[in-house]
1. Considering only residues that are of a type in the set (A, V, I, L, M) and within 14 Å of chain B (Cβ to nearest Cβ), look in region A:14-48 and name the one that is surrounded by the fewest Cβ atoms within 10 Å (Cβ to Cβ).
2. Considering only residues of region B:15-33 that are of a type in the set (A, V, I, L, M) and farther than 10 Å from B:Ala44 by Cβ, which is farthest from the chain's Cα centre (by Cα)?
3. Has region B:19-33 got at least one residue that is farther than 23 Å from A:Val63 by Cα and among the hydrophobic types (A, V, I, L, M, F, W, C)?
4. On the given criteria, is B:Ser31 away from chain A (no Cβ under 14 Å), touching a helix residue (DSSP H, G or I) at 6+ places or on another chain (Cβ under 8 Å) and either open to solvent by less than 10 Å² (accessible area, probe 1.4 Å) or small (Gly, Ala, Ser) (or both)?
5. Somewhere in region B:35-45, is a residue over 10 Å from the mean Cα position of the chain (by Cα) and of a type in the set (Gly, Ala, Ser)?
6. List pairs: first residue in region A:51-77 and without any contact (Cβ under 8 Å) to a residue 24 or more places away in the chain, second residue part of a strand (DSSP E or B) anywhere in the structure, Cβ distance under 6 angstrom, at least six positions apart or on different chains.
7. Taking region B:1-11, which residues are under 24 Å from A:Val134 (Cα atoms) and either under 13 Å from the mean Cα position of the chain (by Cα) or open to solvent by less than 10 Å² (accessible area, probe 1.4 Å) (or both)?
8. Residues that are open to solvent by less than 10 Å² (accessible area, probe 1.4 Å) and more than 14 Å from chain B (Cβ to nearest Cβ): which strands (runs of 3 or more DSSP E) entirely in region A:49-166 hold 1 or more of them?
Amino acid sequence: MFKKWFGNKTNHHEEVIMAPLNGEVIPLEQVPDPTFSEKMLGDGVAIVPRDGLVVSPVKGEVVQLFSTKHAIGIRSEKGLEILIHVGLETVSMNGEGFESYVSKGDRVTVGQPVIRFSLETVRENAKSTITPIVITNPEFINSIQIETNKEVRASETPIMMITMKE
Amino acid sequence: MLEKKVTVHLKNGLHARPAAQFVKTATSFKSSISITKDKDYINAKSVMGVMALAVTKGEEVIILADGPDENEAITTLEEFLIGGDND
């Protein structure tokens, strides 16, 4: 499936979301937090990170960066809103172990570093390092194709292909 | 149109789970609903919009509702933001 994505140029109703982190992709349903597993914030996937660098998965604009820097929202040029939430229950860490390279309103390109975090600090202080990546505006989505349970490389491996409503 | 100033008491503010629940609640009403912290009015039915407000505990927000069920919408959302059971 992924070879096909690379082989064919996507049309304007499709958008490929690249991996924002190095790690293993797992289904959202396996995330041990109902906010994500029940898709309350939107559909998507999760990554078990291997290191602490988060890059932008699309070309677009930073639309939200929580003060604690553990979550970032990026709107793609086609209008998809992608939320990357580093770890689970990381809001209670109050930013410890997190730094950001961008601000709300910044334009970003695929692969541009946006957040760096200490994997150790998250592992020790939060519920999990599992990082959900969800699309928060489902009204734009017709269908989502994902491929899980495999290793991905940040900005190189696609993790989702979204067909948008016409 | 109705407008109400509310002090948010949710422990983690309007983040992740509470943001999702707030948006889900707002979406259940027919009225158009917006929320603001200082100057920008955000569509209360947008997850990213509400999270972008980055409302933390103790902050004041204003909710606006305009439509056939605006009374109920304001009351329900105010209770949600004040109540401490959802964080």
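1. Applying the filter and picking the extreme gives A:Met40.
2. In this case the residue turns out to be B:Ala16.
3. Yes, because at least one residue in region B:19-33 is farther than 23 Å from A:Val63 by Cα and among the hydrophobic types (A, V, I, L, M, F, W, C).
4. So B:Ser31 fits the description; yes.
5. No, because not a single residue in region B:35-45 is over 10 Å from the mean Cα position of the chain (by Cα) and of a type in the set (Gly, Ala, Ser).
6. Listed pairs, sorted by first residue: A:Ala71/A:His85; A:Arg75/A:Gly60; A:Arg75/A:Glu61; A:Arg75/A:Val63; A:Arg75/A:Glu81; A:Glu77/A:Gly60.
7. Of all residues in region B:1-11, those under 24 Å from A:Val134 (Cα atoms) come to B:10-11.
The one that is under 24 Å from A:Val134 (Cα atoms) and either under 13 Å from the mean Cα position of the chain (by Cα) or open to solvent by less than 10 Å² (accessible area, probe 1.4 Å) (or both): B:Leu10.
8. Per the criteria, A:53-55, A:113-117, A:150-152, A:158-164.
The values are calculated or read from the model by the stated rules, or taken from the named source; none is laboratory data. The structure presented is a predicted model; accordingly, all values stated were derived computationally and were not measured. Counting neighbours? That spans all protein chains shown, and the Cβs are built from the backbone with ideal geometry, glycine included. Side chains are part of the model used for accessible areas, which takes the heavy atoms of the whole protein and leaves out ligands, DNA and RNA. Shrake-Rupley method; radii C 1.70, N 1.55, O 1.52, S 1.80 Å.
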